[in-house]
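Here's the structure we're looking at; comments come further down.
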Amino acid sequence: MGMLTFGGSLFTEAMKANSMALANTALLRKIGVQLFSLPASLEKDFESTISMIARMGYREIELFGPYPYSAESAKNNWKAISGYLGFSGSGYFGRTEHQLKTLFHENGLTVPAVHTDLETLETRMEYLGAAGDALGFRYVILPAIPEERRKTVDDYKRMADVFNNLGQKAKQEGLRFAYHNHGYGLKERDGVIPLELLLDNTDPGLVFLEMDLFWTIAGKADPAAYLKKYKNRYHLMHVKDMKPIRTFSGDGEEASQWMELFPYMAPAGAGAADLEAIIPLARKYGVRHFFVENDLAKEPETALQLSIDFLKKL
């Protein structure tokens, strides 16, 4: 396997963490999967697909929206892109919360986290709270800041205030708000790194993070450095690999640049990212939930099996 490294001291520390992990055969006791890894299969046969995930050994599920209670804008945006994606299912895939909870329980699965859109977070947090009570999840995660709300450094300053407010509202509902990076905001702009500006101006007790390894690397950033600098802020991680290592053709702000990199997404352990060093370091610095994600993989069942086989060996 190839190796991606970023700096002597951090790499040495990562290797030490990895050596400690080798003595612990249960480094990741619960491995999760983001359901966006196999939406077409879920749409075709939801129950059988969930059972297949469980048989592979996955124990946690991360859902993606929109949901029945999501903002209308989220539902309309999903309709607009679903034709291009080739599937339309999302959220509960036409099931009730009771049906989902029963199915997940029968398969030994729990749902610690869900992805949802910004407007739903801003206007319907109480619905997320009720859903969390029903399904058991605690983390409500924003997968990306809408493009129109991150055009300038001042936009990021305003978004920090929004995030702090969302974190407080989530806490009142018994939830935790988290932000998932998508590769943009990692390139210096007007003398600052927008992502760092955002993190430095949000309350560590209210705003948590989900690191996406693939998009962090695509943005030319060092996952180990961010895990260390913002330790105990990253509570969740999307585990995916890249083969070979590629970075955005620009600043990562446009979705077209994301799509260019999809062909380089690989199952965990099958690419050039040094997951054997990064995963133990993530555990050391506070990551609690690891979700395998292979967006739009041509053979998602194979990708998910290869990924969990690799992670079980750590």
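Before moving on, here are some points about what is shown:
- Candidate set from the range 19-39 (those that are modelled with pLDDT under 50 and in a helix (DSSP H, G or I)); member that is nearest to the chain's Cα centre (by Cα): ALA21
- Among the residues making up the range 122-167, those that are outside any loop (DSSP other than H, G, I, E, B) and among the charged types (D, E, K, R) are GLU122, GLU126, ASP133, GLU147, GLU148, ARG149, ASP154, ASP155, LYS157, ARG158, ASP161.
- From the options TYR127, TYR92, residue that is in contact with a helix residue (DSSP H, G or I) (Cβ under 8 Å, 6 or more places away or on another chain), over 22 Å from GLY57 (Cα atoms) and aromatic (Phe, Trp, Tyr): TYR127
- Total residues in the range 96-121, condition among the hydrophobic types (A, V, I, L, M, F, W, C) and not in a helix (DSSP H, G or I): 4
- When restricted to residues that are in contact (Cβ under 8 Å) with a residue 24 or more places away in the chain, assigned to a helix (DSSP H, G or I) and within 30 Å of LYS312 (Cβ to Cβ), the range 54-84 contains 2.
- Odd one out for GLY65, checked against (1) under 23 Å from GLY94 (Cα atoms); (2) at pLDDT below 95; (3) of a type outside the set (Val, Ile, Thr); (4) surrounded by 17 or more Cβ atoms within 10 Å (Cβ to Cβ): (2)
- In the range 70-125, the residues that are under 28 Å from LYS298 (Cβ atoms), surrounded by 14 or more Cβ atoms within 10 Å (Cβ to Cβ) and basic (Lys, Arg): LYS75, ARG95
- Restricting attention to the range 102-126, the residues that are within 19 Å of ALA71 (Cα to Cα) and under 17 Å from the mean Cα position of the chain (by Cα) total 7.
The values are calculated or read from the model by the stated rules, or taken from the named source; none is laboratory data. Nothing here was measured: the structure is a model prediction, and the numbers come from that model. When we count neighbours, we look across all protein chains shown, and the Cβ atoms used for this are built from the backbone with ideal geometry, even at glycine.
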